[in-house]
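Note sheet for the following structure.
The values are calculated or read from the model by the stated rules, or taken from the named source; none is laboratory data. Note that the coordinates shown come from a computational prediction; the quantities given were computed from them, not determined experimentally. A quick note on method: Cβ atoms are made from the backbone with ideal geometry, for glycine too, and the neighbour counts reach across all protein chains shown. These area figures cover heavy atoms from the full protein model, side chains too; ligands, DNA and RNA do not enter into them. Shrake-Rupley method; radii C 1.70, N 1.55, O 1.52, S 1.80 Å.
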Amino acid sequence: REFAVSVVDINFGCPARAVSQKARSGSYLLEYPDRVGAIVRRVVEACAPTPVTAKIRLGPSRERITAGEVCLAIEEAGAAAVTVHGRTAKDMYSGQADWNAVAEVKQKLQRIPVIGNGDITTVQEALRAFSNYGVDGIMIGRAALGRPWLFSQIQAALEGKAIPLDPVLAEQERILLEHFRLIVDRFGERRGTILMRSYACCYARGLPGARRFRANAARAKSSDEFQSIVRRDFPKTTDPKHMRHGEP
């Protein structure tokens, strides 16, 4: 209530060792559907009338899939929706998301929407998630780090409109610098610059000259230095003949 947020989302899907093993939180709790339900119920009661949602993975491992039980507990506890990532905690970020398993979870729930997550990197994959697996919504993670315009492209496709082309490189550079400004406003110059090093590399992925840009951006220590590197080294062409040997 104090911050007037629109939704409170509980992450039961994080597989990072510091979270799942050391803190016994995140995906560690997928072993305990009843505990997940109890946590969700307490948060729902504390946050009312703000809706509470939860994000999970399929289970601790491919041999131990608990998503169905966990989602039923989340639904019974009063959550407004659940997001299911199509990997297990043991998978981390390797392999492919199992969307058939996500669809099976959708079929088990009666009252709340299921949002599918995992490996959606294109408009076509987003449309396929809706048409083939019956989810109520989709969540996009890593793919959006370097292509934030993907959301507007998917929205246009869902509305039956012409899909906008990717922005030209000059516009992508402008978006990258705006992204950096927002990060610095939120976290301060030092931490914002450090965080933006990896995000910036996502923008250049697959473009001629990306290796040089990544190498220089990863060493930036200040806002001025980072902005200078972007303006100087961010790829200016998509023509492969301008690549250095071995790039991108």
Restricting region 80-100 to residues that are within 14 Å of residue 13 (Cβ to Cβ) and touching a helix residue (DSSP H, G or I) at 6+ places or on another chain (Cβ under 7 Å), which is surrounded by the fewest Cβ atoms within 10 Å (Cβ to Cβ)?
86
Given the conditions (1) open to solvent by 30 Å² or more (accessible area, probe 1.4 Å); (2) closer than 30 Å to residue 225 by Cα, which single one is not true for residue 127?
(2)
Name every residue in region 34-79 that is surrounded by 19 or more Cβ atoms within 10 Å (Cβ to Cβ) and out of contact with any strand residue (DSSP E or B) (no Cβ under 9 Å at 6 or more places or on another chain), in order of residue number.
37, 59, 60, 65, 73
Filtered residues of region 201-226 (kept if within 18 Å of residue 183 (Cβ to Cβ) and among the small types (Gly, Ala, Ser))
204, 217, 218, 220, 222, 223
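Looking at region 135-146, which of its residues are at pLDDT 95 or above and farther than 14 Å from residue 118 by Cβ?
136
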Cβ-Cβ below 8 Å, separation at least six or inter-chain, first residue in region 220-237 and among the aliphatic types (A, V, I, L, M), second not in a helix (DSSP H, G or I): which pairs?
229/220
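Just for helices (runs of 4 or more DSSP H) wholly inside region 163-244: which have at least 3 residues that are within 24 Å of the chain's Cα centre (by Cα)?
Numbers: elements: 169-187, 189-204, 210-217, 223-233.
Filter on region 163-244 gives 169-187, 189-204, 210-217.
Among 226, 234, 187, which is touching a Leu at 6+ places or on another chain (Cβ under 8 Å), farther than 19 Å from residue 117 by Cβ and open to solvent by less than 70 Å² (accessible area, probe 1.4 Å)? Outline the logic, then answer.
Details: 226 fails: touching a Leu at 6+ places or on another chain (Cβ under 8 Å); 187 fails: open to solvent by less than 70 Å² (accessible area, probe 1.4 Å).
The unique qualifying residue is 234.
When you look at residue 205, is it charged (D, E, K, R) and at pLDDT 95 or above, yes or no?
no
For region 101-119, which positions are open to solvent by 10 Å² or more (accessible area, probe 1.4 Å) and closer than 27 Å to residue 163 by Cβ?
Initial filter on region 101-119 (open to solvent by 10 Å² or more (accessible area, probe 1.4 Å)): 101, 103-104, 106-113, 115, 117, 119.
Within region 101-119, 103, 106, 113, 115, 117, 119 meet the criteria.
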